[in-house]
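Let me begin by presenting the structure, written as structure tokens, before commenting on it.
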Amino acid sequence: MALKDHFSREATKDIESLFLISKSNCAFVNYRSEASCTAAMHRFHDSRFNGVRLVCRLRRSSAPASGVPTGPSAMVGTQQANASPPHSPQVGDETADEAKGGVTEQFPVQDKDAAPGASTPSSKYFIVKSLTLQDLELSVRNGIWATQSHNEDVLNKAFRSTENVYLIFSANKSGEYFGYARMTSPILEDGSQVVGEAPKPENSVDAPDVPKSIPTSATEWAPRGKIIDDSARGTIFWEAELSETEAEEEMPEKDDKTVDGDNQVVAQSWGKPFKIEWCSTQRLPFYRTRGLRNPWNANREVKIARDGTELEPSVGERLIQMFHRLGPSGAGAAVMAPHPQLGMPNMRPF
């Protein structure tokens with residue numbers, strides 16, 4: 001993806017991502033700040049890429065096209081007709097830091113001083129991490145999940161105090177949300193009843209091809225990152241690698257305990273099983289949530305979260321709505337068996 005190298009020139013530490021829409025010969029390039037984005041626009045407008053003249057515009061639309069980033073980003077077209085009219089920066093209290101990265105829609109800035117539990121909305125939302133994709137697929141079949149033990153009390157309190165508790169799942173290092181589910185039972189001391197009520201197994205359906213994630217090494221200009229090839233939708237997305245702090249926060253927490261065996265492995269302290277009802281298994285790539293921030297987690301982007309992180313309710317609502325905007329037949333949608341399968345994921349002994 002030579003285009004990322006072109007737009008990384010003199011911006012190696014500033015470039016965040018590049019979203020290429022091949023069918024329209026357009027791309028959206030996201031930088032870390034308004035200033036770096038503006039500088040890039042002046043630097044690359046009217047430049048040449050593989051002999052083709054590039055037209056660059058700042059894009060800050062309040063009504064963007066579906067699935068297209070609009071944060072401080074330079075929109076690039078190979079000719080004038082491919083570029084949208086320029087948009088003026090949004091006027092308001094938004095700072096350059098709050099405007100980092102592209103977004104799929106214009107999100108209002110939430111109150112940073114608010115804290116989890118400060119109100120009692122009808123729904124609560126939590127990010128849930130899984131070490132493997134297989135455990136999530138099995139949960140879809142049996143309607144059961146078990147979280148780390150230190151999350152149990154928080155989830156139980158949420159289940160007792162609100163009408164709906166939604167869990168938004170992602171597998172470690174997948175670069176996407178797997179889907180989301182609603183808690184349908186509390187977490188009981190004796191989880192045997194929950195497992196005993198699980199329906200008998202049915203044949204599963206093979207999942208379709210999902211977007212491919214391809215690591216990219218650092219080049220003379222571009223930092224290390226990864227390409228997400230979503231060819232079924234006609235898009236290719238490149239994203240710079242997260243900083244060490246951000247990468248650490250995207251991973252599930254691990255206990256330091258080890259178990260006996262030929263291969264020493266890290267064991268997690270998994271708790272008791274409880275029932276959930278899956279609402280969607282439509283995959284949602286992290287890049288489509290750019291710009292959606294959680295004020296209950298230091299105003300970080302929602303993709304940067306630990307297992308059990310609670311989302312501010314309006315942010316959680318927006319996030320689950322995004323699962324239903326991708327369309328029912330897009331690549332990356334997990335197709336599961338219509339009936340659950342008996343059993344518990346191997347990673348959650350009890």
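No value in this document is a laboratory result; all are computed from the given coordinates. Since we're looking at a predicted model, the values are computed, not measured. Glycine also receives a Cβ, built like all others from the backbone with ideal geometry; neighbour counts cover every protein chain displayed.
With R₀ set to 30 Å, the beta-carbon distance separating Asp153 from Ser314 gives a calculated FRET efficiency near 0.75. Distances between placed amide hydrogens fall under 5 Å for Cys26 paired with Ile21, all partners being 5 or more residues away or on another chain. With R₀ set to 35 Å, the beta-carbon distance separating Glu10 from Arg306 gives a calculated FRET efficiency near 0.50. Here the 3J(HN,Hα) profile of the stretch 296-306, calculated from phi with Karplus coefficients 6.51, -1.76 and 1.60 at θ = phi - 60°, is 8, 9, 6, 6, 6, 4, 4, 5, 8, 7, 8 Hz, Gly and Pro shown as x. Taking 0.36 nm per residue of separation and subtracting the Cα-Cα distance, full extension of the segment from Glu220 to Ser24 would add 67.7 nm. In terms of its C-alpha gyration tensor, the stretch 15-59 has an oblate overall shape, because the principal axis ratio a/c (a ≥ b ≥ c, square roots of the eigenvalues) is not below 1.5 and a/b does not outweigh b/c.
Counting charges near Cys26 (Lys, Arg +1; Asp, Glu -1) among other residues having Cβ under 12 Å from its Cβ returns a value of +3.
Spin-label model, Thr132/Glu277: points 7 Å from Cα along the beta carbon direction are separated by 2.9 nm.
Remark on Ala305: its backbone amide H falls under 5 Å from those of Glu250, a criterion applied only to residues 5 or more positions apart or on other chains, H modelled at 1.01 Å from N.
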